[in-house]
Every structure is written in structure tokens, then in C-alpha cells.
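See structure below.
The values are calculated or read from the model by the stated rules, or taken from the named source; none is laboratory data. If you're wondering where the values come from, they're calculated on a predicted model, not measured in any experiment. Counting neighbours? That spans all protein chains shown, and the Cβs are built from the backbone with ideal geometry, glycine included.
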Amino acid sequence: MIVVMDIGCSREQIDAVVEKLERSGFQAHTIVGVKRIVIGAVGDRGAIPSLGLEGMPGVISVMPIMRPYKLVSKEAAGGGSSLVRVGRVEIGGSRVVLMAGPCAVESKEQMYAAARAVSLAGAGIMRGGAFKPRTSPYSFQGLEEEGLKILAGAAGEYGLATVTEVVDLPSLDLALKYVDMVQIGARNMQNFRLLQAVGRSGRPVLLKRGLSATVEEWLMAAEYIASEGNAGIVLCERGIRTFETSTRNTLDLSAVPLVKSLSHLPVVVDPSHATGTRKLVGPMSLAAVAAGADGLLIEVHPDPQKALCDGPQSLSPEEFEKVAREIRSVAAAVGRAA
Ligand code: PEP
Ligand code: MN
């Protein structure tokens with residue numbers, strides 16, 4: 001069950017609802033969003049009518065929700081969509097947000113050049129991995145805290161917000177000191193302890209879809225974060241594993257409008273990891289915006305030939321500038337800005 005409370009309601013009104021639920025044997029999870037406050041309650045559905053929650057001060061509506069995910073369901077937002085603020089950037093509004101930067105932080109020179117390029121092209125958020133979950137233990141693993149400092153410095157210089165991947169609890173603690181948004185990578189989508197920890201951190205989260213995760217599993221992973229009280233979740237479709245081997249993954253673009261109909265959370269697309277091929281990044285970016293994506297996560301490197309990680313799918317600054325321009329045209333065509 002979901003109890004939707006007025007955004008202007010008082011702490012005491014929320015506490016009174018939570019207390020009533022808990023006294024009746026429900027587990028209550030309060031989540032404070034930008035537009036509304038929602039209390040998710042898990043327990044005996046049969047007991048709902050006798051609780052009299054509808055008449056309580058601050059309560060707008062009480063709804064049973066059949067799906068296994070509740071706080072992130074579309075119903076929890078009264079059929080609307082939520083906004084997630086990352087620094088000064090808003091994801092989920094009318095503007096399509098561009099998040100861009102290198103796969104991995106490699107050096108100061110590389111990150112300052114990338115920050116300049118992506119900000120000139122119109123990106124609002126800079127990416128850069130400092131903890132890299134590489135398929136091979138012999139590949140470059142990231143600069144760790146030094147990388148986070150470089151990311152924060154370069155992005156700050158150009159007024160960009162930041163996102164970086166965390167892979168475990170120590171990397172989360174470090175990332176919280178330096179970045180605006182933490183990313184849960186595809187390989188960690190079902191690392192439930194990590195999801196709970198980022199939930200408790202309250203920091204906006206970019207939750208990538210797992211390599212072989214169904215839409216429902218992906219939304220349940222988001223529910224783990226929301227159930228800890230964190231409303232700042234952005235979902236990222238980054239391709240799933242199929243029998244096809246000519247692209248790195250298969251971009252499931254149908255998931256964009258589907259998930260937006262099932263959940264109020266913003267959805268962005270990562271065409272870089274989805275395709276693994278530079279020349280497919282532009283076309284898939286445009287298709288993603290046409291399909292309703294709220295943003296794009298694109299790998300951009302000042303010199304892709306020299307990238308320590310994911311060079312073949314990274315755009316040069318010039319290529320990114322061109323794609324960003326085309327994205328603005330498609331966004332305008334579907335009634336959005338970029
Ligand atoms: C990344 O964004 O750098 C990354 C490793 O992506 P994914 O988790 O989608 O593979
Ligand atoms: Mn990468």
C-alpha cells in the first residue's frame with residue numbers, strides 16, 4: 001500500500017501515519033520527493049480499510065499496489081513523474097540532460113580537456129570512473145580517491161555536476177566526499193547491501209540496468225534504494241546481453257517508454273556501453289530521445305585512441321559536439337529542450 005502525503009505536510013503528520021501503520025503491523029518506509037511525500041507500507045492488505053488513514057491530516061490518498069515494487073511505481077506518484085536534482089541540473093523535467101565524459105579518470109590533463117569539451121557542447125553532468133569494475137583483473141582499475149579529486153576539480157572548473165561509479169562500501173564513502181551523484185554499475189545492480197547503503201546516503205543515484213536483468217528486477221533494485229528513504233533515483237538503460245555479438249550489448253529502447261509507464265522515475269540511456277561502437281552512439285542517442293529518454297550518458301574522451309578504457313566507443317570532442325547538436329533537434333521535435 002502507498003500513502004501519498006501533501007508535500008507541505010508537517011513532520012508530526014507523517015509520524016502519526018507511520019505510527020498508526022507500525023502499530024497495525026505494517027512496515028513503513030517514508031520517501032520525501034521533490035513533488036510529494038510517499039509512505040510505502042508493507043503488511044496485511046486486509047487491514048487497510050480499518051485503519052482510517054484517508055481522514056488523517058496531510059493524507060492525500062491511500063492506494064493498494066499489486067506490483068512487487070511500490071515506492072518506485074507510477075501509482076506512487078499519482079501517475080506523474082518525479083524530478084531528480086543533481087547539483088543545479090534537474091533530470092526528469094522538460095530538458096533532456098546530457099551526462100558525458102571519459103569512461104575512466106586517467107589524468108588531470110585528460111579530465112580538464114574533457115570537461116571543457118562536454119560543457120561547451122551543452123552537457124550538464126560530467127562522468128568519470130575512479131573505480132573501474134573491469135572484466136579482466138589485469139585491466140586498468142582506476143585512480144580511486146585521486147581520480148575522484150580530479151573529476152571534482154575538472155567538473156567544478158566548468159560548472160558541471162558529477163557522477164561516478166561506486167563498487168562497494170569503501171568506494172561509496174569516498175565518492176560521497178567528492179561527487180553529486182553515485183552510479184551503480186550494471187554488474188552491481190543486484191548488490192543489495194550496496195543498494196541499501198546508497199539509499200541511506202540520500203545522494204542521487206544513477207542505477208544501471210543489469211547485464212541480464214528483467215525490467216521488474218531492475219525496478220526491484222530501485223525499490224531497495226527507495227525503501228531506505230532515497231527519492232533521487234535515475235534509471236539507466238545500458239543494453240542487455242542477447243545472442244547478438246556484433247554490438248557489445250543490445251540496446252533495449254522499448255524499455256524506455258515501458259519503464260516510464262510503470263515507474264515515476266526518470267530514465268536515461270547509455271548508448272556507449274549499449275553498442276560498444278563509436279559510430280552507433282549518435283544514431284542510438286537520437287533514437288533514445290525520440291523514445292522519451294530523460295537524458296543520455298555518453299563516453300567522451302579528448303583523445304579516444306589513447307583511452308585506457310572503452311576507447312572504441314568513446315566520442316571525440318568534435319563528434320560529441322555534433323551529436324549534441326543533433327540531439328537538440330530531435331528533442332525539439334518531441335517537444336523537449338536539450
Ligand atoms: C560505466 O559506465 O563506466 C560502466 C562500467 O557501465 P556499465 O556498468 O553499464 O557496464
Ligand atoms: Mn566505460
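The single condition among (1) farther than 28 Å from Leu174 by Cβ; (2) without any contact (Cβ under 8 Å) to a residue 12 or more places away in the chain that Glu216 does not satisfy is (2).
All of Val323, Val289, Val300 fail the test of being crowded, with 18+ Cβ neighbours inside 10 Å, within 16 Å of ligand 2 (Cβ to nearest atom), hydrophobic (A, V, I, L, M, F, W, C) and modelled with pLDDT of 95 or more, apart from Val300. Here Ala287 meets each of (1) outside any loop (DSSP other than H, G, I, E, B); (2) within 16 Å of ligand 1 (Cβ to nearest atom); (3) out of contact with any helix residue (DSSP H, G or I) (no Cβ under 6 Å at 6 or more places or on another chain); (4) among the hydrophobic types (A, V, I, L, M, F, W, C) with one exception, condition (2).
The set of residues from the range 26-56 being farther than 23 Å from Asn230 by Cα and of a type outside the set (S, T, N, Q) comprises Asp44, Arg45, Gly46, Ala47, Ile48, Pro49, Leu51, Gly52, Leu53, Glu54, Gly55, Met56. The number of residues in the range 290-310 being under 17 Å from Glu321 (Cα atoms) and either within 22 Å of the chain's Cα centre (by Cα) or outside any helix (DSSP H, G or I) (or both) comes to 9. Among the residues of the range 110-130, those identified as surrounded by fewer than 24 Cβ atoms within 10 Å (Cβ to Cβ) and of a type in the set (A, V, I, L, M, F, W, C) are Ala113, Ala117, Leu120, Ala121.
Could you check, for the range 228-242, whether at least one of its residues is assigned to a helix (DSSP H, G or I) and either on the phi < 0 side of the Ramachandran plot or of a type in the set (Asp, Glu) (or both)? No: the range 228-242 contains no residue that is assigned to a helix (DSSP H, G or I) and either on the phi < 0 side of the Ramachandran plot or of a type in the set (Asp, Glu) (or both). Looking only at residues of the range 190-241 that are of a type in the set (Lys, Arg) and crowded, with 19+ Cβ neighbours inside 10 Å, we find that the one that is farthest from ligand 1 (Cβ to nearest atom) is Arg209. Of all residues in the range 165-180, those being part of a strand (DSSP E or B) and either among the small types (Gly, Ala, Ser) or touching a Leu at 6+ places or on another chain (Cβ under 6 Å) (or both) number 1. Remark: pairs (first residue in the range 105-120, over 18 Å from Cys309 (Cβ atoms) and modelled with pLDDT of 95 or more; second residue of a type in the set (Phe, Trp, Tyr) and surrounded by fewer than 24 Cβ atoms within 10 Å (Cβ to Cβ); Cβ separation under 8 Å; 6+ apart in sequence or on different chains) = Arg116/Tyr158; Ser119/Tyr158.
From the list Ala123, Ala161, which one is touching an Asp or Glu at 6+ places or on another chain (Cβ under 6 Å) and more than 10 Å from ligand 1 (Cβ to nearest atom)? Only one candidate passes the filter, namely Ala161. The C-beta contact set for the range 168-187 (first residue more than 12 Å from Ser201 (Cα to Cα), second residue modelled with pLDDT under 95 and part of a loop (DSSP other than H, G, I, E, B), distance under 6 angstrom, 6+ apart or interchain) comprises Gly185/Pro133; Arg187/Pro133.
Is one or more of the residues making up the range 233-242 over 30 Å from Arg200 (Cα atoms) and either of a type in the set (A, V, I, L, M) or touching a residue at least 24 places away in the same chain (Cβ under 8 Å) (or both)? Yes, some residue in the range 233-242 is over 30 Å from Arg200 (Cα atoms) and either of a type in the set (A, V, I, L, M) or touching a residue at least 24 places away in the same chain (Cβ under 8 Å) (or both).
Here's the yes/no breakdown for (1) surrounded by 12 or more Cβ atoms within 10 Å (Cβ to Cβ); (2) under 23 Å from Leu265 (Cα atoms); (3) of a type in the set (Val, Ile, Thr):
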| position | (1), (2), (3) |
| --- | --- |
| Val3 | yes, yes, yes |
| Leu21 | yes, no, no |
| Lys35 | yes, yes, no |
| Gly55 | no, no, no |
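Taking the criterion of being within 12 Å of ligand 2 (Cβ to nearest atom), part of a strand (DSSP E or B) and among the charged types (D, E, K, R), the only residue of the range 94-153 that qualifies is Arg127. For the range 181-216, a residue qualifies if it is of a type in the set (D, E, K, R), within 16 Å of ligand 2 (Cβ to nearest atom) and part of a helix (DSSP H, G or I), and exactly one does: Arg187. Considering Glu318, Glu244, the condition of being closer than 28 Å to Arg88 by Cα and of a type in the set (D, E, K, R) is satisfied by Glu318 alone. Selection of the range 2-39 for residues being assigned to a helix (DSSP H, G or I) and within 17 Å of Gly202 (Cβ to Cβ) yields Arg11, Ile14.
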